[in-house]
Each structure stands twice: as structure tokens, then as C-alpha cells.
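See below for the structure under consideration.
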Amino acid sequence: MTGPERDGAPAGCRGPEGMFRALDEVSAAAGARGRLDETLRDRLTQLWMRVWLLRVTRERAIEEGDEPDAPSFSVLSVLSEQIHAGIADLGPEALGPDAAWSEDDEPLVRRMLDAHAPGGSVDLRAVLAERVLGLPL
């Protein structure tokens, strides 16, 4: 399995390519509302760099033949969850308070809420602790 389904991301933007699309959408939404200030641009850039590094690291793990349950993919899953949370955290700042009532923004708002779905990071950290660090659960 080499597709985006490997990294346990929310359905709205699985894998690095989906994360890049989500960042583009957040940037476009903020720009359309005149909310794309220097601080938001810096945060988008930092997240973009983290997604790029995630993609390169994931591709290397695949090239090296790592299995889906290998420690490398456990680490990548935790990093993926953190990036999704970072993208979701940009939502209120990028869209503004009126986005919650806008039908035009519903897909983007839903994706940002999906990124904070319960259980993701906590479960992944438990797997990481058990598989990589050898800690008992």
C-alpha cells in the first residue's frame, strides 16, 4: 500500500498532496477576505515546509521498503496528525467568524473540523510508544 491511505489522515485531506491542497484553500480563502497578513503567511509557509518534509520522508520510507506497521510510518502518522491540527487551527483566522454560517465555506470548514476528530493523535502516540519505544500500554 503506497497511497495516501497509509498515513491515517482525516478523510478531507489525506496524504501530503491533500495537505498541500488544504493549505492552498486556506490561503485562497484568507486572501479573498483580505485576511492574509504577514503572520498568517508565515504560519502557512511553516506548515507548507512541514508537509514537504513529511512527503519527502514518507517517500524515502516507501523506497526503503518499510512496511505499513514499521516505526517510520508510526512517526509519520503522528507528524501528519500534528500538521492536520495546524491546518485546522488556521481556519478561524483565515476565514473569519462569519465562515461558520457561510454555505460557500462548508467544505473547508468541515475539513478543518475533521482534522480535530477525537482519538487521532492520542491513539497514534500510544502506537508509537509501544512499537518504537517498546513501552507497555
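Where a number appears in this text, it was derived from the coordinates with a stated rule and is not lab data. All values reported here derive from a predicted model rather than from experimental measurement. With ideal geometry, Cβ positions are generated from the backbone for all residues, glycine too; neighbour counts draw on all protein chains shown.
Sort 47-59, 71-83 by packing, meaning the average of other beta carbons within 10 Å per residue, with the highest value first.
71-83, 47-59
What's the FRET efficiency of residue 28 with residue 57 using the Cβ-Cβ distance as r and R₀ = 41 Å, to the nearest 0.05?
Efficiency at R0 = 41 Å is approximately 0.90.
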